[in-house]
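For reference, the structure is listed below as structure tokens.
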Amino acid sequence: MKRYYTLLPLLLLFPLLFVQCQPPETQPDRMTIEQLDSDIQQMVFDVSADTLEKNVYRLADFGTRHTLSETESDTFGIGASWRWIRDEFERYSEESGGRLQVELDRFIQEPMGRIPEPVEIVNVVATLPGADPDDDRIFVVSGHYDSRASNVMDGESLAPGANDDASGTVAVMEMARVMSAYEFPATIVFMAVSGEEQGLLGARHWAERAAEEGKNIAGMITNDIIGNHAADDGALTDPNKVRLFAEGVPAVSELEPEIRRYLQTGGENDMPTRQFARTVKEVAESYLPDMDVWLIYRRDRYLRGGDHIPFLEQGYPALRFSEPHEEFRHQHQDIREEDGVQYGDLPEFVDYDYLGRVTRVNLAALANLASSPRSPENVGMNISRLENDTRLRWDPSPSAHVAGYEVLWRETASPVWQHREFVEGTEFTAELVSKDNWIFGVRAVSEGGHVGIPVYPMPFRE
Ligand SMILES: [Zn+2]
């Protein structure tokens, strides 16, 4: 990875970020990556809670960003909102020498469900192209900038949407600002999408087209409601925790043979989305030791959905970050006071330091993954004979900057990896660690210590 701007003096201040923070006590067996990257530490440091705050207030100032709201005004409604987001991305692009490519993905949504008449949906998409021409991986990070009031069809009332989802939108913008000063082997797409509240429309449009074009989306993360860690007047509060929703086996009526192959050997927890989630957790907690990425092994919350779902539907690994608890008085509510309680998704209810921490969690994971080598291929578990050893072999990662591989294993009922062994070659025997009792994975590691997404070994016979 190459740095474009020298900010080394700031790096010296980096440890100050963590002095008051204790690692959470709930994670006795957390595994962290072996080697941290000083560029990623610098990027983590560069995330500014003040910028996040300023941008949430700016988005809230457009009054409403409802998909059916005003498009002509320069100060009010969804049109002014996306034009401002686009201008910000373009400013970051200029500051990074034009490498960040800003595009509008716009289309007319015909009437359906929550769309009463044809309406234009505009996604603002900023792409940081990968530096390795042989690496076709794309990592996507999104937030939705559209908002809503109590009535989902109401395009007129004020709907500041500060937490839902200006928080996710400004996190994505801040990552684009900071990360576009650097270069990564893989491509990163920063997306501010619309039409989420009307049925995930913007994200679905982009994901469907990506699938049609055969794009290799190696991982997608949506950030939706990431700005507040307390609920029910502080009865629940976890300032150092963020939920990461990760689907397991998709709830489809017909299982594809590819999925059946995982299930035949107890690999239902080791399909790409869960592998992706564990990697995000491990990397983020390595760079942010004060943070606890709380894996939630389900697609999303009850009665709710998010922009990762259209990506999952296209077969891409996709995750959702969301704050640890829900404050329902400040979501999807008209601004009003009732019995002394303030309702509405107002910027004053966002905790900007917390939002900064969640943005850093995202950034660390994305920067590592976009710097990691591509995964090894044809990872196989040799089941030719009955034995108490586990024998694995794989084809090398096609990336030039691969330093070797980590073979990972854990108990079958453990949610996270517990053991690892670094291997330079393309085979490994875990002696007296039986494949019957443990789950294995193999990932590539770069010369800079960046870890890739592990691959579940499929059985083969010699
Ligand atoms: Zn939302």
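Remarks
- Each residue in the stretch 97-125 was checked for being surrounded by 20 or more Cβ atoms within 10 Å (Cβ to Cβ) and under 20 Å from F139 (Cα atoms), and 5 pass.
- Members of the stretch 203-230 that are in contact with a strand residue (DSSP E or B) (Cβ under 7 Å, 6 or more places away or on another chain) and more than 12 Å from the ligand (Cβ to nearest atom): H205, W206, A210, K215, N216, I217, A218, G219, M220, I221, H229, A230
- Verdict on F190 being assigned to a loop (DSSP other than H, G, I, E, B), surrounded by 23 or more Cβ atoms within 10 Å (Cβ to Cβ) and away from the ligand (no atom under 16 Å from the Cβ): no
- Residue match in the stretch 423-438 (condition: out of contact with any helix residue (DSSP H, G or I) (no Cβ under 6 Å at 6 or more places or on another chain) and touching a residue at least 60 places away in the same chain (Cβ under 8 Å)): no
- Residues that are over 18 Å from Q275 (Cα atoms) and of a type in the set (V, I, T), drawn from the stretch 408-450: V423, T426, T429, V433
- Taking residues in the stretch 162-189 that are free of Cβ contacts under 8 Å to residues at least 60 places away in the same chain, and partners anywhere that are within 13 Å of the ligand (Cβ to nearest atom) and in a helix (DSSP H, G or I), not one pair has Cβ atoms closer than 6 Å while being at least 6 places apart or on different chains.
- Which numbered condition T273 misses (of (1) surrounded by 21 or more Cβ atoms within 10 Å (Cβ to Cβ); (2) without any contact (Cβ under 8 Å) to a residue 60 or more places away in the chain; (3) in a strand (DSSP E or B)): (3)
- Single match in L68, L104, L100, L128 (criterion: closer than 20 Å to T169 by Cα and in contact with a Gly (Cβ under 6 Å, 6 or more places away or on another chain)): L68
- Residues that are in contact with a His (Cβ under 8 Å, 6 or more places away or on another chain) and either part of a loop (DSSP other than H, G, I, E, B) or modelled with pLDDT under 95 (or both), drawn from the stretch 358-384: S372, P373
Each row is one residue, and each column tells you yes or no for (1) closer than 22 Å to M271 by Cβ; (2) aromatic (F, W, Y).
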{"residue": "V416", "(1), (2)": "yes, no"}
{"residue": "E424", "(1), (2)": "no, no"}
{"residue": "V451", "(1), (2)": "yes, no"}
{"residue": "F460", "(1), (2)": "yes, yes"}
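- Residues of the stretch 135-168 classified as away from the ligand (no atom under 12 Å from the Cβ) and not in a loop (DSSP other than H, G, I, E, B), total: 5
- For the stretch 229-237, the condition holds for at least one residue, the condition being that it is within 14 Å of F321 (Cα to Cα), in a loop (DSSP other than H, G, I, E, B) and assigned by TED's automatic domain parsing to the domain that holds E348.
- Conditions (1) closer than 18 Å to G441 by Cα; (2) surrounded by fewer than 19 Cβ atoms within 10 Å (Cβ to Cβ): number failed by G340: (1)
The values are calculated or read from the model by the stated rules, or taken from the named source; none is laboratory data. All of these numbers come straight from a predicted model, not from anything done at the bench. Counting neighbours? That spans all protein chains shown, and the Cβs are built from the backbone with ideal geometry, glycine included.
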